[in-house]
Amino acid sequence: MGVTFKAYNDILIVNLKGELDHHMARIVKEKLDEYLARQTFKKILFNFKYVNFMDSSGVGMLIGRYKHLQKIGGKMGAVNIGKQVKRIFEISGLFNIIPCYKDEIEASEKM
Amino acid sequence: MDILNEMTIDFLSKSQNEAFARVVVAAFASQLNPTLDELADIKTAVSEAVTNCIIHGYENTVGIIRIKAILRENEIEIWVQDWGKGIEDIEKARQPLWTSKPELDRSGMGFTIMENFMDKLEVESTPGKGTIVKMYKTIKSKN
């Protein structure tokens with residue numbers, strides 16, 4: 001379980017690994033906020049390749065980061081969303097604020 | 001319908017136990033031979049219910065969470081219970097996007113997700129005494 005960061009052009013890629021529940025969402029929020037306090041990014045791309053589970057706590061964490069980005073005119077995106085995560089995105093309307101891209105390359109062109 | 005099997009577990013309201021609770025209930029439910037999608041639905045609903053106990057029931061203090069699961073021929077019934085602060089207004093709590101704790105990055109989607117992923121959801125709560133969430137799901141066995 002964990003979260004790692006990688007800068008890709010002007011995008012911060014957040015690589016998530018594990019099950020994005022309340023327990024993990026708290027850790028991701030802490031580490032991401034810590035990272036963004038040191039270095040500003042206006043575009044954040046969440047990579048869900050190694051996430052096979054997410055619940056409403058993950059949704060809350062993403063919306064929280066989105067609100068922060070909105071204030072500075074930033075954008076958010078997602079790549080590699082699996083089946084269960086996709087259902088949670090659909091039910092909670094997350095796709096409206098977090099577009100899903102095929103890969104990092106498409107994200108960097110469209111974000 | 002006859003009861004095929006039943007189990008009860010008690011554990012502390014620690015966030016590490018959210019994953020534990022999901023896995024235990026999914027492992028028990030697998031006796032009904034559910035599809036992977038059905039198992040994912042059950043795990044999601046259990047995760048939401050247990051998270052509610054931790055964040056709202058006990059407000060991050062340590063208490064006991066009890067899960068009871070009952071297997072019938074083609075149905076699983078799951079109870080998730082806490083002895084925490086209870087819910088003042090159940091109707092309101094069940095509304096999509098409503099949360100009592102927006103400052104904690106809560107999405108207010110917990111009950112909505114439980115309702116979507118299970119067939120039926122019942123909530124019984126007494127303020128100051130605690131809450132039981134009862135969830136039911138028909139398992140369309142693979143066989």
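No lab work stands behind these numbers, since they all come straight from the coordinates. Since this is a predicted model, take the numbers as computed values, not measurements. Neighbour counts run over all protein chains shown; Cβ positions are idealised from the backbone, glycine included.
Projecting the Cα atoms of A:64, A:40, B:99 onto the charge dipole of the protein assembly as shown, computed from C-beta unit charges around the Cα centre, puts A:40 farthest toward the positive end.
Calculate how steeply helix B:36-52 sits against the longest principal axis of the alpha-carbon atoms of chain B, using the helix alpha-carbon long axis, and give the answer as 0 to 90 degrees to the nearest 10. Compared with the principal axis, the helix lies near 30 degrees.
If the segment from residue B:89 to residue B:10 were pulled out straight at 0.36 nm per residue, it would be longer than the present Cα-Cα gap by 25.8 nm. Cross-link partners of residue B:85 among lysines, defined as those whose alpha carbon lies under 26 angstrom from its own and excluding same-chain residues fewer than eight positions apart: B:14, B:43, B:68, B:101, B:120, B:129, B:134. Report summary: the helix-based calculation at 222 nm, which adds -39500 (n - 2.57) for every DSSP H run with n ≥ 4 and divides by the residues of chain B, gives -9000 deg cm²/dmol. Charging the Cβ of each Asp and Glu at -1 and of each Lys and Arg at +1, and nothing else, the dipole of chain A about its Cα centre rounds to 160 debye.
The distance from the alpha carbon centre of the range B:50-77 to that of the range B:83-143 is 10 Å, rounded to a whole number. Distance between the pseudo-spin-label points of residue A:42 and residue A:86 (7 Å out from Cα toward the beta carbon): 3.2 nm.
In chain B, if the dipole is taken from +1 on Lys/Arg beta carbons and -1 on Asp/Glu beta carbons about the Cα centre, which of B:71, B:20, B:135 is farthest to the positive end? Of the listed residues, the answer is B:20.
Start at zero, step by 5 Å, and the Cα-Cα distances of the protein assembly as shown spread as 1, 6, 14, 17, 18, 15, 12, 8, 5, 3, 1, 0, 0 percent across the bins.
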